[in-house]
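J.: For reference, the structure I am asking about is given below.
Please treat every number below as a calculation from the coordinates, not as lab data. Keep in mind that what you see is a predicted model, and the values were worked out from it rather than measured. No Cβ is skipped: glycine too gets one built from the backbone with ideal geometry, and neighbour counts run over all protein chains shown.
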Amino acid sequence: MSRMMLDVSGVESVNYAKYLILIVILIGVSFPLSDISSEVVNSSVDVDDNEKNAGVPLVEVEDVAEQPLRVGEKLTYNIKVSWVPVAAGKRVDQIEKILPYQRKNVYHITSEAKTGSVASRIHRFQNRQSTLLNTIGFFPLSFRNQLVDKKYTARVEIKFGDGKAEYEKISQNKPSAPEKHEKKVIEIPFGTQDELSMIYFLRCKKLVPGEKYYFPLIIKAKVVKISISVEQGKVLKVKGLGRVRTLVVTTSHGYQLWLTDDNRHIPVKIEAEAKIGKMKANLEKREFVR
């Protein structure tokens, strides 16, 4: 277990020396999920008083006045460790298009994170994710996560339904090794998110400084409750956006996400403390691609 670094939706990354790569994953999921110890959610149990005191279910929060998700939006992030002079990698998230799926209209959203040229000399890493997000309610209907981690490869697929999700994982420790298969059905509460959809779900909600919220998320083939708090942030100078007011979203584990304090809720910055120093991800470019 000491060699295991991260498990993204059950996709294992098995080289402990790879702390440099943690931030590459961080921007994609908003929170370093290897450190999440949130309680497992039982969809058959009502929310108790302790959960109510922990905050408001994000699914019950009003949507922002103007829809922030626009087809063609492409966000490029530069990812660094505080003491390393060069970037560890980049991440690109894009709202590709709207398409029909299971008699619903969905956003097809993709994300790719990979190590830069310098970091790749230490450890090659590439992570591709995609989600189909319902345009009404902003709930995922399908999620795919593909990982290349040196010789390790894995693919996770999740199909979301009413009250349940079908989870499947196929992995190989190296090309010559036999494939490992895992398949299960997971009970899920209403509003359960995947690791990519949750960013856009968060963007669509009217977040109030001083408030606390929570939402269910599938991670490691289980449903966990993610708790967040929101505070007013400083005005930041962001490349391509100029000076913007921000909201700071903090998890119960101390990781922080800066969103623009407007209806767009653009994620412009993420920070997290790790054993090797502070991890930083900053928005480098926002563009629209047709």
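J.: Could you list, ordered by first residue, the pairs with Cβ atoms under 6 Å in which the first is in the range 169-184 and closer than 20 Å to Glu157 by Cβ and the second is exposed (fewer than 10 other Cβ atoms within 10 Å of the Cβ), at least 6 apart or interchain?
T.: From residues that are closer than 20 Å to Glu157 by Cβ, the pairs are Ile170/His181.
J.: Anything in the range 193-216 that is free of Cβ contacts under 8 Å to residues at least 60 places away in the same chain and either in contact with a helix residue (DSSP H, G or I) (Cβ under 7 Å, 6 or more places away or on another chain) or farther than 26 Å from Gly233 by Cβ (or both)? List them, or say none.
T.: Gln193
J.: So for the range 178-193 (the condition being more than 29 Å from Glu73 (Cα to Cα) and of a type in the set (Gly, Ala, Ser)), does at least one residue qualify?
T.: No: the range 178-193 contains no residue that is more than 29 Å from Glu73 (Cα to Cα) and of a type in the set (Gly, Ala, Ser).
J.: Still on this structure, I have one more. Considering only residues that are without any contact (Cβ under 8 Å) to a residue 60 or more places away in the chain and either within 20 Å of Thr110 (Cβ to Cβ) or not in a loop (DSSP other than H, G, I, E, B) (or both), which ones fall in the range 218-246?
T.: Val230, Glu231, Gln232, Leu236, Lys237, Val238, Gly242, Arg243, Val244, Thr246
J.: Also, I was wondering about something else. Identify the residue in the range 222-245 that is of a type in the set (Gly, Ala, Ser) and under 22 Å from the mean Cα position of the chain (by Cα) and, among all such residues, is surrounded by the most Cβ atoms within 10 Å (Cβ to Cβ).
T.: By that ranking, first place goes to Gly233.
J.: Report yes if Glu187 is closer than 30 Å to Glu166 by Cβ and either of a type in the set (A, V, I, L, M, F, W, C) or in contact (Cβ under 8 Å) with a residue 60 or more places away in the chain (or both), otherwise no.
T.: yes
J.: Next question. Consider Lys220 carefully, then state whether it is basic (Lys, Arg) and on the phi < 0 side of the Ramachandran plot.
T.: It is false that Lys220 is basic (Lys, Arg) and on the phi < 0 side of the Ramachandran plot.
J.: Check every one of the strands (runs of 3 or more DSSP E) wholly within the range 109-215 and list those with 1 or more residues that are touching a Phe, Trp or Tyr at 6+ places or on another chain (Cβ under 8 Å) and over 27 Å from Val71 (Cα atoms).
T.: In the range 109-215, 140-149, 164-172, 180-187 are the strands (runs of 3 or more DSSP E) which contain 1 or more residues that are touching a Phe, Trp or Tyr at 6+ places or on another chain (Cβ under 8 Å) and over 27 Å from Val71 (Cα atoms).
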